[in-house]
Amino acid sequence: MPDIRIILVRPQHPGNIGACARAMKNMGLKNLVLVAPQRFPAEEAVARAAGADDVLAAAAVVADVSAAVADCVFVAATSARARTIALPPLDAREAAATLCGHARSGPVGLLFGAERTGLTNEEVDYAHALVQIPVDPGFASLNLAAAVQILCYEIRCSVQGAVPIPQPDHRPAPQEAFNRFLGHLEQVITDIGFLNERHPRKLMRRLTRLFRRAHPDDNELQILRGILNAVQHPYPPRKGASGPDNT
Ligand code: SAH
């Protein structure tokens with residue numbers, strides 16, 4: 001099975017955490033990450049895990065989504081609601097095949113939101129794609145563990161060859177490197193007076209999506225950061241040359 005990380009963001013009910021662990025183990029997945037769970041460890045979690053307590057015991061607990069996806073080369077966010085966010089929408093089957101494809105080049109993460117509120121827009125900002133399990137639009141919200149179950153099942157089907165797994169054409173840089181580039185970009189466009197102080201988040205969100213769509217690899221990020229460095233510390237003009245040879 002590919003090493004796909006199931007990430008529960010701020011889960012409220014420990015029973016659901018246990019049910020998610022069970023859903024994962026049934027389908028052969030083991031990598032569970034909990035972002036700021038309301039109550040964990042808890043007896044209810046173990047009870048509902050019904051034998052998948054090894055998955056619970058191995059679960060990593062982290063403070064925020066950024067830490068959960070730091071080394072990921074690809075992240076998908078699940079949502080019961082249609083969102084106005086411009087991300088490629090995937091159904092459960094497409095999502096599973098896409099995740100399995102990217103898992104060939106590094107760790108991948110699948111984000112699930114809290115029972116009552118789902119994921120915030122800021123949390124969805126970490127994702128490359130938005131996953132919606134097709135449901136009756138009049139009653140679209142699945143129980144958290146039911147949503148995890150469906151996606152883990154589809155991942156298993158993908159692995160067993162039911163759906164062709166796309167082969168990634170390059171290895172995208174991990175999210176922490178991508179986020180360092182974004183921080184650098186924000187710094188530079190602030191310094192040069194381009195970032196509108198009144199709406200900094202809006203512009204940065206659009207730029208984040210733009211660059212995320214490109215899945216830059218480590219080399220490409222290095223080039224972009226080189227350009228930002230040159231903006232911060234311009235090269236002195238050289239006779240007969242227009243700049244360093246970066247081609
Ligand atoms: N009231 C929340 C629903 C939360 S359900 C909202 O409107 O967003 C808890 C989590 O289960 C969601 O954040 C999502 O991760 C997952 N989920 C529930 N229904 C889903 C669906 N139809 N498609 C994809 N994920 C779903």
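The values are calculated or read from the model by the stated rules, or taken from the named source; none is laboratory data. Note that the structure is a prediction, hence the values are computed from the model and not measured. Every residue, glycine among them, receives a Cβ derived from its backbone with ideal geometry; neighbour counts consider all protein chains shown.
Against the test of being crowded, with 19+ Cβ neighbours inside 10 Å, at pLDDT below 95 and either outside the structural domain of Arg104 (by TED's automatic domain parsing) or touching a strand residue (DSSP E or B) at 6+ places or on another chain (Cβ under 8 Å) (or both), the options Pro172, Pro168 yield a single qualifying residue, Pro172. For the range 218-231, a tally of residues being surrounded by 16 or more Cβ atoms within 10 Å (Cβ to Cβ) and under 21 Å from the mean Cα position of the chain (by Cα) returns 2. Among the residues of the range 113-161, those that are within 30 Å of Leu203 (Cβ to Cβ), of a type in the set (A, V, I, L, M) and near the ligand (Cβ under 8 Å from one of its atoms) comprise Ala114, Leu119, Val131. So how many residues does the range 27-47 have that are touching a residue at least 40 places away in the same chain (Cβ under 8 Å) and either under 13 Å from Gly15 (Cα atoms) or part of a loop (DSSP other than H, G, I, E, B) (or both)? Total meeting the criteria: 3.
All conditions but one from (1) part of a helix (DSSP H, G or I); (2) among the β-branched types (Val, Ile, Thr); (3) touching a Lys or Arg at 6+ places or on another chain (Cβ under 8 Å) apply to Val163; the one that does not is (1).
A single entry from Ala77, Ala63, Ala127, Ala68 fulfils the requirement of being outside the structural domain of Asp218 (by TED's automatic domain parsing), farther than 20 Å from Pro216 by Cβ and crowded, with 24+ Cβ neighbours inside 10 Å: Ala68. Within the range 70-81, can you find the residues that are within 10 Å of the ligand (Cβ to nearest atom) and in a loop (DSSP other than H, G, I, E, B)? Ser79, Ala80, Arg81, listed by residue number. All of Arg116, Arg104, Arg93 fail the test of being assigned by TED's automatic domain parsing to the domain that holds Gln149 and outside any loop (DSSP other than H, G, I, E, B), apart from Arg93.
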